Structure formats: structure tokens, C-alpha cells
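Let me begin by presenting the structure, written as C-alpha cells, before commenting on it.
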Amino acid sequence: MEEKIKGKITRVESRNYYVLTDNSNSIICSLRGKFKKELQHKKDKLITFDLAVVGDIVEFQLNDDGTGVIEQVYARKNYISRKAPKIKGSLQRGERLEQIVASNIDNLVVVKSINQPQFNHKILDRLLVIAESSHVNIIPVINKIDLDNDDESSYWKELYESIGYKIFLTSIKKNIGISELRNYLEGKTSLFWGPSGVGKSSLLNSLYNDLALKVGEISDWSNKGKHTTVTSIMNQIDETTFVIDTPGMREIEPYGIKKEDLSHYFVDFQEYINDCKFNTCTHHHEPGCAVIDAVEEEKISVLRYESYLNMLDNIEDDMNF
């Protein structure tokens, strides 16, 4: 009987799955044909194309040539996903597939720059919602604070820490916050995510000198980053510490969240949502809304509330999950 080996997927390229075993060997595997028959359909409609992703724990059989065949994908304790980019002509009514970025993670490290490109709190808020809905600890990092001439990073740090998030301010050039963040991530599996150009790969290189990740530039004409990472890659730092580098994504939208549930993933709304006059309140226009009252009384940041309204407007009414 052929031996079955357990490991975790560290990289996916086309039909190749790189699986790291307990003895630190990396085996290139393929998926057993049976998985192709188990594409995740719901009501005869394809909802995801991610049968095995970075972070998945799998079991495979070793071939004579040193490659493997994945026989089993174990249940995920969690995963981070987003709405996949639209595929023209493939879906009805503009529906979107779910794209899973990685699974079985401890931390979602959201990297934003204070400048070049300019800090955008709405993107951070979308990623906070993704993490909250996936029950993943989130670590917002505001990078490039050496470019912060107006001390804006202190304002954002104070705002988000008042909500309950731990914020790291970092500068690679001035070596600020690097060791503190490294210590915080020790012994965990952490997914690094953020838009292009915020210095994510440079930050990872500073945290872990042996990674030597490719670093991109900022496009002069758009002030947006150029993509350097094309697929999610898990890197083993030591026996218990792993970091996942992801492609810089210009479009980040939560998947599978209904209008009536969105407010539950804004942690600063929690104190008020049960005091609304209507239990179906979307906190948009309804009378007797405790959230709106809290915004007007400056108990909830108006910037956070604007982020909420922006996401609420972008949730499709006709999606069935």
C-alpha cells in the first residue's frame, strides 16, 4: 500500500500544488481526478473555483518520480476571500465568484502606506470587514511613516486603536516598528495583504532578511504600485512561523456578506445596533436608528460610517448565498 503523507500547500501554480511536509520537503503535487467532479456548486451554479489553496492541509501519495497526488483536502479552520474579478460573459446578472486567497491563518496583516500611495481608510475598512467576517485576527500596519510630514499616521492610529485594533506604524528607511511587528508575528501564520505599492514586499524583506522578495515601483503616471507578486506564496520563517505574501490587489471587495449583516462586522457599531427601533435596520435612512444617532453624537467616526455606507451600496441585492 502506498504511503500517504500529510503537508500544507505553500504555493499554487496552474495545476501544480507545492506541498510542504513535516520534514520540510517541498513536493510538487497534482489533484486527484475525483476533485474535478466535486467543483463546489450551489443550486447548479458555480460559486467558487478554489478546491485547494495556499494554507490548506492535505494528504497525498508519493509517486515514483518524486511528485505527489493529493488525495484529501482537510477542512479549513478559516479562510480569507474576496469577490473575484469579473469574467466577461461567464456569469449571469453580474454575479461574482468567490476567490479564496489563503486558509488556516492566524493573522491578516493589512499593509497600507501613509503616502505614495496615499492612505485610503476605505480600503482598510473593507479588509477589516473581511477579517471580522472570517474570524481572523487583523493587524493593520501603516507603512512609510518617514513620508508622513503632517503626522497623519498618528491620527489614524488613534482612531483605529480607539475602536480596538492594534496598529503598527512602520518605516523601512528609519527602521521603525520592524522588530515590534516581527515579535508579534512569531509562532503564527500571517497573511500579508494590501494594495500595490504600499511597500508590502519591502516590509517582509525587512522583517525577514532571507526572503529576498522582488520589490516593485510606484508608477509615476498613476501613483499606484506595479504588481510584483503574481500568486500567494507561503514562506516558512522557522518551525512555527509562516508568512504569506499575496499579489497587490487593486480591487478588494468582501464576498458573501448580506446588507443586514454588514454592520455586525463594524466593531464600533456593536454597542448601538441592538438599540435601533427596527430589528431590520440597515443604519442608512431608517427612523430611530441608534447607529445614526451615535454618528451624530460623534460616538462613531463619520469616516467609518461613510465606509459602511459605501460598502452597503455595493452589496448586490440579488445575490443568494
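Laboratory data are not the source of any read-out in this text; all were calculated from the coordinates shown. Every value quoted in this text rests on a predicted model; they were computed, and no experiment measured them. As a convention, Cβ positions derive from the backbone with ideal geometry for all residues, glycine included, and neighbour counts pool all protein chains shown.
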Tabulate in residue order the Karplus-calculated ³J(HN,Hα) for the range 308-313, using 6.51 cos²θ - 1.76 cosθ + 1.60 with θ = phi - 60°, rounded to whole Hz; enter x for Gly and Pro.
-> 4, 5, 4, 5, 4, 5
Could you size up the charge dipole of the range 259-313 around its Cα centre, putting +1 on the beta carbon of Lys and Arg and -1 on that of Asp and Glu, and report it in debye to the nearest 20?
-> 100 debye
Antiparallel %, DSSP beta bridges [both residues in the range 99-245], to 5 = 25 percent
For the range 159-164, in residue order, the Karplus 3J(HN,Hα) values (coefficients 6.51, -1.76, 1.60; θ = phi - 60°; whole Hz; Gly and Pro = x) are 4, 6, 6, 5, 7, x
Which residues' amide hydrogens lie under 5 Å from the amide hydrogen of SER81, considering only partners 5 or more residues apart or on another chain, with H built in the peptide plane?
-> VAL101
In whole Å, what is the distance between the alpha-carbon centres of the range 102-178 and the range 1-28?
-> 33 Å
List every residue whose amide H lies under 5 Å from the amide H of ILE138, counting only residues 5 or more places away in sequence or on a different chain, with H placed 1.01 Å from N in the peptide plane.
-> LEU108
